[in-house]
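For reference, the structure is listed below as C-alpha coordinates.
The values are calculated or read from the model by the stated rules, or taken from the named source; none is laboratory data. Being a predicted model, the structure only gives us computed values, none of them experimental. A quick note on method: Cβ atoms are made from the backbone with ideal geometry, for glycine too, and the neighbour counts reach across all protein chains shown.
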Protein chains: 2
Amino acid sequence: MTTISTAPRTCSVARSLEIIGEKWALLAVREVFLGNRRFDEMVRRTGAPRDTMTARLKTLVAAGVLERRPVSEHPPRFEYRLTQAGLDLYPVIVALMQWGDRYLLNDEEPPMVLTHHCGHELGAVTNCSSCGEAVLASDVRPTPRSGALIPPLD
Amino acid sequence: MTTISTAPRTCSVARSLEIIGEKWALLAVREVFLGNRRFDEMVRRTGAPRDTMTARLKTLVAAGVLERRPVSEHPPRFEYRLTQAGLDLYPVIVALMQWGDRYLLNDEEPPMVLTHHCGHELGAVTNCSSCGEAVLASDVRPTPRSGALIPPLD
(Lines give C-alpha, C1' and ligand atoms only; values in the text may rest on other atoms or scores of the structure.)
Protein backbone atom coordinates (compact mmCIF):
# COMPACT_ATOMS: atom_id res chain seq x y z
CA MET A 1 0.00 0.00 0.00
CA THR A 2 1.37 3.39 -0.92
CA THR A 3 0.49 6.15 1.45
CA ILE A 4 0.20 9.57 -0.14
CA SER A 5 1.53 12.06 2.32
CA THR A 6 0.36 15.61 2.13
CA ALA A 7 2.92 16.85 4.64
CA PRO A 8 6.36 18.21 3.90
CA ARG A 9 8.97 15.52 4.34
CA THR A 10 10.78 15.24 7.68
CA CYS A 11 14.31 15.43 6.42
CA SER A 12 17.85 16.07 7.58
CA VAL A 13 18.62 17.96 4.38
CA ALA A 14 15.81 20.40 5.16
CA ARG A 15 16.93 20.77 8.78
CA SER A 16 20.50 21.45 7.72
CA LEU A 17 19.29 24.06 5.28
CA GLU A 18 17.39 25.85 8.06
CA ILE A 19 20.81 26.57 9.56
CA ILE A 20 23.26 26.79 6.68
CA GLY A 21 20.96 26.88 3.64
CA GLU A 22 21.34 30.50 2.94
CA LYS A 23 24.10 31.96 0.90
CA TRP A 24 25.60 34.30 3.48
CA ALA A 25 25.58 31.71 6.24
CA LEU A 26 27.55 29.21 4.21
CA LEU A 27 29.89 31.90 2.89
CA ALA A 28 30.59 32.98 6.47
CA VAL A 29 31.54 29.38 7.23
CA ARG A 30 33.73 29.36 4.12
CA GLU A 31 35.59 32.43 5.36
CA VAL A 32 36.30 30.84 8.73
CA PHE A 33 37.66 27.77 6.90
CA LEU A 34 39.91 30.22 5.03
CA GLY A 35 41.16 31.71 8.29
CA ASN A 36 39.09 34.92 8.24
CA ARG A 37 37.55 34.89 11.67
CA ARG A 38 36.62 38.52 12.26
CA PHE A 39 33.28 40.04 11.44
CA ASP A 40 34.74 42.81 9.26
CA GLU A 41 36.78 40.33 7.22
CA MET A 42 33.75 38.14 6.67
CA VAL A 43 31.69 41.08 5.49
CA ARG A 44 34.46 42.24 3.15
CA ARG A 45 35.27 38.86 1.62
CA THR A 46 31.66 37.70 1.21
CA GLY A 47 30.00 40.98 0.22
CA ALA A 48 27.20 40.34 2.71
CA PRO A 49 25.25 43.29 4.12
CA ARG A 50 26.48 43.90 7.67
CA ASP A 51 23.12 43.37 9.34
CA THR A 52 22.57 40.15 7.40
CA MET A 53 26.00 38.86 8.42
CA THR A 54 25.24 39.75 12.05
CA ALA A 55 22.02 37.76 11.92
CA ARG A 56 23.64 34.75 10.19
CA LEU A 57 26.51 34.63 12.67
CA LYS A 58 24.03 34.67 15.55
CA THR A 59 22.21 31.70 14.01
CA LEU A 60 25.46 29.83 13.41
CA VAL A 61 26.63 30.39 16.98
CA ALA A 62 23.23 29.41 18.41
CA ALA A 63 23.28 26.24 16.30
CA GLY A 64 26.73 25.31 17.54
CA VAL A 65 28.47 25.67 14.15
CA LEU A 66 30.66 28.59 15.19
CA GLU A 67 31.97 29.70 18.54
CA ARG A 68 32.42 33.40 19.33
CA ARG A 69 35.56 34.04 21.32
CA PRO A 70 36.87 37.27 22.82
CA VAL A 71 40.37 38.11 21.54
CA SER A 72 40.86 41.47 23.22
CA GLU A 73 39.14 43.46 25.96
CA HIS A 74 40.09 47.04 25.04
CA PRO A 75 38.69 47.50 22.50
CA PRO A 76 36.39 44.47 22.79
CA ARG A 77 37.10 42.23 19.80
CA PHE A 78 35.83 38.82 18.93
CA GLU A 79 36.61 36.10 16.48
CA TYR A 80 34.63 33.15 15.23
CA ARG A 81 35.98 29.62 15.35
CA LEU A 82 34.60 26.44 13.86
CA THR A 83 33.27 23.92 16.38
CA GLN A 84 33.44 20.21 15.54
CA ALA A 85 30.00 20.58 13.91
CA GLY A 86 31.41 23.44 11.85
CA LEU A 87 34.50 21.49 10.82
CA ASP A 88 32.19 18.67 9.75
CA LEU A 89 30.66 21.03 7.17
CA TYR A 90 33.86 20.76 5.15
CA PRO A 91 32.46 18.07 2.81
CA VAL A 92 29.52 20.37 2.04
CA ILE A 93 31.82 23.30 1.20
CA VAL A 94 34.13 21.13 -0.90
CA ALA A 95 31.23 19.52 -2.75
CA LEU A 96 29.76 22.96 -3.57
CA MET A 97 33.14 24.26 -4.69
CA GLN A 98 33.82 21.30 -6.95
CA TRP A 99 30.38 21.50 -8.47
CA GLY A 100 30.85 25.20 -9.17
CA ASP A 101 34.30 24.53 -10.63
CA ARG A 102 32.79 21.92 -12.92
CA TYR A 103 29.67 23.71 -14.11
CA LEU A 104 29.90 27.44 -13.50
CA LEU A 105 33.33 28.60 -14.62
CA ASN A 106 32.60 29.57 -18.25
CA ASP A 107 36.12 28.66 -19.40
CA GLU A 108 37.85 30.60 -16.62
CA GLU A 109 40.38 29.00 -14.32
CA PRO A 110 39.01 27.85 -10.93
CA PRO A 111 39.39 30.80 -8.54
CA MET A 112 40.78 28.61 -5.74
CA VAL A 113 43.04 25.58 -5.80
CA LEU A 114 42.95 23.13 -2.91
CA THR A 115 46.10 21.08 -2.35
CA HIS A 116 45.82 17.95 -0.24
CA HIS A 117 48.65 17.04 2.15
CA CYS A 118 49.48 14.14 -0.16
CA GLY A 119 50.81 16.82 -2.52
CA HIS A 120 48.12 16.56 -5.19
CA GLU A 121 45.44 19.01 -6.15
CA LEU A 122 42.36 17.90 -4.25
CA GLY A 123 39.76 16.13 -6.30
CA ALA A 124 37.32 15.09 -3.61
CA VAL A 125 35.20 12.01 -4.20
CA THR A 126 32.31 10.76 -2.12
CA ASN A 127 32.74 7.11 -1.24
CA CYS A 128 30.75 4.50 0.66
CA SER A 129 32.45 3.91 4.01
CA SER A 130 31.55 0.20 3.84
CA CYS A 131 32.68 -0.86 0.36
CA GLY A 132 34.85 2.13 -0.59
CA GLU A 133 33.12 2.60 -3.96
CA ALA A 134 32.18 6.02 -5.30
CA VAL A 135 28.63 6.94 -4.36
CA LEU A 136 26.23 7.46 -7.26
CA ALA A 137 22.59 8.36 -6.71
CA SER A 138 21.55 5.43 -8.91
CA ASP A 139 23.33 3.01 -6.52
CA VAL A 140 21.55 4.25 -3.42
CA ARG A 141 18.08 3.25 -2.24
CA PRO A 142 16.42 5.80 0.07
CA THR A 143 13.93 4.49 2.63
CA PRO A 144 11.98 6.93 4.77
CA ARG A 145 11.49 5.76 8.37
CA SER A 146 7.78 6.30 7.72
CA GLY A 147 7.93 3.22 5.49
CA ALA A 148 6.73 4.92 2.31
CA LEU A 149 8.20 3.41 -0.81
CA ILE A 150 10.45 5.41 -3.09
CA PRO A 151 10.96 4.17 -6.63
CA PRO A 152 14.49 3.63 -7.96
CA LEU A 153 16.02 6.57 -9.81
CA ASP A 154 15.99 6.01 -13.56
CA MET B 1 53.74 41.23 0.44
CA THR B 2 50.20 40.61 1.52
CA THR B 3 47.56 42.32 -0.54
CA ILE B 4 44.45 43.27 1.38
CA SER B 5 41.52 42.79 -0.91
CA THR B 6 38.42 44.80 -0.31
CA ALA B 7 36.39 42.89 -2.87
CA PRO B 8 34.23 39.85 -2.23
CA ARG B 9 36.08 36.68 -3.11
CA THR B 10 35.64 35.17 -6.58
CA CYS B 11 34.59 31.70 -5.55
CA SER B 12 32.94 28.57 -6.89
CA VAL B 13 31.14 28.04 -3.60
CA ALA B 14 29.51 31.45 -3.97
CA ARG B 15 28.59 30.81 -7.60
CA SER B 16 27.06 27.45 -6.73
CA LEU B 17 25.04 29.08 -3.99
CA GLU B 18 23.65 31.62 -6.47
CA ILE B 19 21.92 28.65 -8.14
CA ILE B 20 21.26 26.12 -5.42
CA GLY B 21 21.98 28.07 -2.22
CA GLU B 22 18.44 28.61 -1.22
CA LYS B 23 16.45 26.15 0.77
CA TRP B 24 13.62 25.57 -1.69
CA ALA B 25 15.92 25.15 -4.67
CA LEU B 26 17.93 22.42 -3.02
CA LEU B 27 14.82 20.76 -1.61
CA ALA B 28 13.35 20.69 -5.13
CA VAL B 29 16.50 18.90 -6.28
CA ARG B 30 16.14 16.52 -3.32
CA GLU B 31 12.61 15.65 -4.41
CA VAL B 32 13.70 14.85 -7.95
CA PHE B 33 16.42 12.57 -6.50
CA LEU B 34 13.58 10.88 -4.57
CA GLY B 35 11.58 10.37 -7.77
CA ASN B 36 9.07 13.18 -7.29
CA ARG B 37 9.26 14.97 -10.61
CA ARG B 38 5.98 16.89 -10.78
CA PHE B 39 5.48 20.41 -9.61
CA ASP B 40 2.58 19.52 -7.29
CA GLU B 41 4.55 16.73 -5.63
CA MET B 42 7.50 19.03 -5.07
CA VAL B 43 5.30 21.67 -3.49
CA ARG B 44 3.62 19.08 -1.27
CA ARG B 45 6.76 17.31 -0.09
CA THR B 46 8.88 20.42 0.46
CA GLY B 47 6.25 22.78 1.85
CA ALA B 48 7.43 25.54 -0.51
CA PRO B 49 5.01 28.31 -1.49
CA ARG B 50 3.86 27.61 -5.07
CA ASP B 51 5.17 30.84 -6.54
CA THR B 52 8.54 30.36 -4.85
CA MET B 53 8.80 26.82 -6.21
CA THR B 54 7.88 28.10 -9.69
CA ALA B 55 10.69 30.67 -9.52
CA ARG B 56 13.25 28.17 -8.18
CA LEU B 57 12.42 25.60 -10.85
CA LYS B 58 12.86 28.25 -13.54
CA THR B 59 16.30 29.09 -12.15
CA LEU B 60 17.27 25.42 -11.94
CA VAL B 61 16.16 24.77 -15.52
CA ALA B 62 17.93 27.89 -16.81
CA ALA B 63 21.12 26.83 -15.01
CA GLY B 64 20.99 23.36 -16.56
CA VAL B 65 20.40 21.50 -13.28
CA LEU B 66 16.93 20.26 -14.18
CA GLU B 67 15.28 19.58 -17.51
CA ARG B 68 11.54 20.20 -17.96
CA ARG B 69 9.95 17.53 -20.13
CA PRO B 70 6.37 17.25 -21.41
CA VAL B 71 4.74 14.00 -20.30
CA SER B 72 1.24 14.56 -21.70
CA GLU B 73 -0.39 16.97 -24.12
CA HIS B 74 -4.02 16.92 -22.97
CA PRO B 75 -3.90 18.15 -20.31
CA PRO B 76 -0.40 19.61 -20.70
CA ARG B 77 1.76 18.06 -18.00
CA PHE B 78 5.46 18.32 -17.34
CA GLU B 79 8.02 16.63 -15.21
CA TYR B 80 11.47 17.64 -14.09
CA ARG B 81 14.50 15.43 -14.62
CA LEU B 82 18.03 15.79 -13.34
CA THR B 83 20.63 16.64 -15.97
CA GLN B 84 24.21 15.42 -15.48
CA ALA B 85 24.90 18.66 -13.61
CA GLY B 86 21.90 17.88 -11.40
CA LEU B 87 23.03 14.31 -10.76
CA ASP B 88 26.43 15.68 -9.79
CA LEU B 89 24.76 17.54 -6.91
CA TYR B 90 24.29 14.22 -5.13
CA PRO B 91 27.42 14.66 -2.96
CA VAL B 92 26.05 18.02 -1.79
CA ILE B 93 22.68 16.50 -0.84
CA VAL B 94 24.28 13.51 0.89
CA ALA B 95 26.74 15.72 2.78
CA LEU B 96 23.89 17.96 4.00
CA MET B 97 21.80 14.95 5.00
CA GLN B 98 24.61 13.31 6.94
CA TRP B 99 25.46 16.55 8.69
CA GLY B 100 21.80 16.99 9.67
CA ASP B 101 21.62 13.37 10.85
CA ARG B 102 24.70 13.92 12.99
CA TYR B 103 23.90 17.28 14.53
CA LEU B 104 20.21 18.11 14.26
CA LEU B 105 18.25 15.00 15.24
CA ASN B 106 17.75 15.65 18.98
CA ASP B 107 17.77 11.91 19.78
CA GLU B 108 15.27 11.02 17.07
CA GLU B 109 15.94 8.36 14.48
CA PRO B 110 17.19 9.69 11.12
CA PRO B 111 14.10 10.33 8.97
CA MET B 112 15.63 8.66 5.90
CA VAL B 113 17.94 5.69 5.55
CA LEU B 114 20.12 5.39 2.47
CA THR B 115 21.20 1.89 1.51
CA HIS B 116 24.14 1.53 -0.84
CA HIS B 117 24.08 -1.20 -3.49
CA CYS B 118 26.81 -3.00 -1.51
CA GLY B 119 24.04 -3.79 0.98
CA HIS B 120 25.18 -1.50 3.80
CA GLU B 121 23.63 1.62 5.16
CA LEU B 122 25.39 4.46 3.39
CA GLY B 123 27.94 6.30 5.43
CA ALA B 124 29.41 8.62 2.83
CA VAL B 125 32.98 9.78 3.30
CA THR B 126 34.81 12.42 1.31
CA ASN B 127 38.17 11.12 0.07
CA CYS B 128 41.06 12.53 -1.91
CA SER B 129 40.95 11.05 -5.40
CA SER B 130 44.76 10.90 -5.52
CA CYS B 131 45.71 9.22 -2.23
CA GLY B 132 42.32 7.86 -1.16
CA GLU B 133 42.54 9.32 2.33
CA ALA B 134 39.63 11.01 4.06
CA VAL B 135 39.64 14.76 3.44
CA LEU B 136 39.98 16.93 6.54
CA ALA B 137 40.07 20.71 6.31
CA SER B 138 43.31 20.74 8.30
CA ASP B 139 44.99 18.62 5.59
CA VAL B 140 44.08 20.94 2.74
CA ARG B 141 45.90 24.11 1.72
CA PRO B 142 43.74 26.57 -0.24
CA THR B 143 45.49 28.85 -2.73
CA PRO B 144 43.52 31.56 -4.52
CA ARG B 145 44.50 32.04 -8.15
CA SER B 146 45.02 35.68 -7.22
CA GLY B 147 48.10 34.53 -5.29
CA ALA B 148 47.00 35.87 -1.90
CA LEU B 149 48.29 33.77 0.98
CA ILE B 150 45.92 31.95 3.25
CA PRO B 151 47.22 30.82 6.66
CA PRO B 152 46.89 27.17 7.69
CA LEU B 153 43.75 26.28 9.66
CA ASP B 154 44.52 25.85 13.34
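Restricting the search to the range B:39-68, which residues are free of Cβ contacts under 8 Å to residues at least 24 places away in the same chain and either among the polar types (S, T, N, Q) or in contact with a Lys or Arg (Cβ under 6 Å, 6 or more places away or on another chain) (or both)?
Listed by number, the residues that qualify are B:Val43, B:Arg45, B:Thr46, B:Thr54, B:Val61, B:Glu67.
Are any residues in the range A:85-105 more than 17 Å from B:Asp139 (Cβ to Cβ) and among the charged types (D, E, K, R), and if so, which ones?
Scanning the range A:85-105 gives A:Asp101, A:Arg102.
Of the numbered conditions (1) modelled with pLDDT under 95; (2) touching a Gly at 6+ places or on another chain (Cβ under 7 Å); (3) of a type in the set (A, V, I, L, M), A:Leu66 fails exactly one; give the number of that condition.
(1)
Checking B:Asp88 against (1) modelled with pLDDT of 95 or more; (2) acidic (Asp, Glu); (3) over 20 Å from A:Thr126 (Cα atoms), only one condition comes out false. Which one?
(3)
Residues in the range A:86-107: is at least one within 20 Å of B:Gly100 (Cα to Cα) and touching a Cys at 6+ places or on another chain (Cβ under 9 Å)?
yes
Evaluate the following for B:Glu79: is it surrounded by 14 or more Cβ atoms within 10 Å (Cβ to Cβ), under 25 Å from B:Phe33 (Cα atoms) and more than 8 Å from chain A (Cβ to nearest Cβ)? Let's see the steps before the verdict.
Details: surrounded by 14 or more Cβ atoms within 10 Å (Cβ to Cβ): yes; under 25 Å from B:Phe33 (Cα atoms): yes; more than 8 Å from chain A (Cβ to nearest Cβ): yes.
For B:Glu79, the condition - surrounded by 14 or more Cβ atoms within 10 Å (Cβ to Cβ), under 25 Å from B:Phe33 (Cα atoms) and more than 8 Å from chain A (Cβ to nearest Cβ) - is met.
Can you tell which of A:Arg69, A:Arg56, A:Arg44 is among the charged types (D, E, K, R), touching a Phe, Trp or Tyr at 6+ places or on another chain (Cβ under 8 Å) and not in a strand (DSSP E or B)?
Answer to the selection: A:Arg56.
Kindly check whether there is at least one residue in the range A:93-101 that is assigned to a loop (DSSP other than H, G, I, E, B) and either surrounded by 14 or more Cβ atoms within 10 Å (Cβ to Cβ) or at the interface with another protein chain (Cβ under 7 Å from one of its Cβ atoms) (or both).
Among the residues of the range A:93-101, not one is assigned to a loop (DSSP other than H, G, I, E, B) and either surrounded by 14 or more Cβ atoms within 10 Å (Cβ to Cβ) or at the interface with another protein chain (Cβ under 7 Å from one of its Cβ atoms) (or both), which makes the answer no.
In the list B:Val61, B:Val71, which residue meets the criterion of being at pLDDT 95 or above, more than 13 Å from chain A (Cβ to nearest Cβ) and over 14 Å from the mean Cα position of the chain (by Cα)?
The conditions single out B:Val61.
Suppose we filter the range B:112-143 for residues that are assigned to a strand (DSSP E or B) and either within 23 Å of the chain's Cα centre (by Cα) or at pLDDT 95 or above (or both); how many remain?
Of the residues in the range B:112-143, 14 are assigned to a strand (DSSP E or B) and either within 23 Å of the chain's Cα centre (by Cα) or at pLDDT 95 or above (or both).
Take the conditions surrounded by fewer than 21 Cβ atoms within 10 Å (Cβ to Cβ), over 15 Å from B:Pro8 (Cβ atoms) and touching a helix residue (DSSP H, G or I) at 6+ places or on another chain (Cβ under 7 Å) and apply them to A:Ala85. Does it pass?
yes
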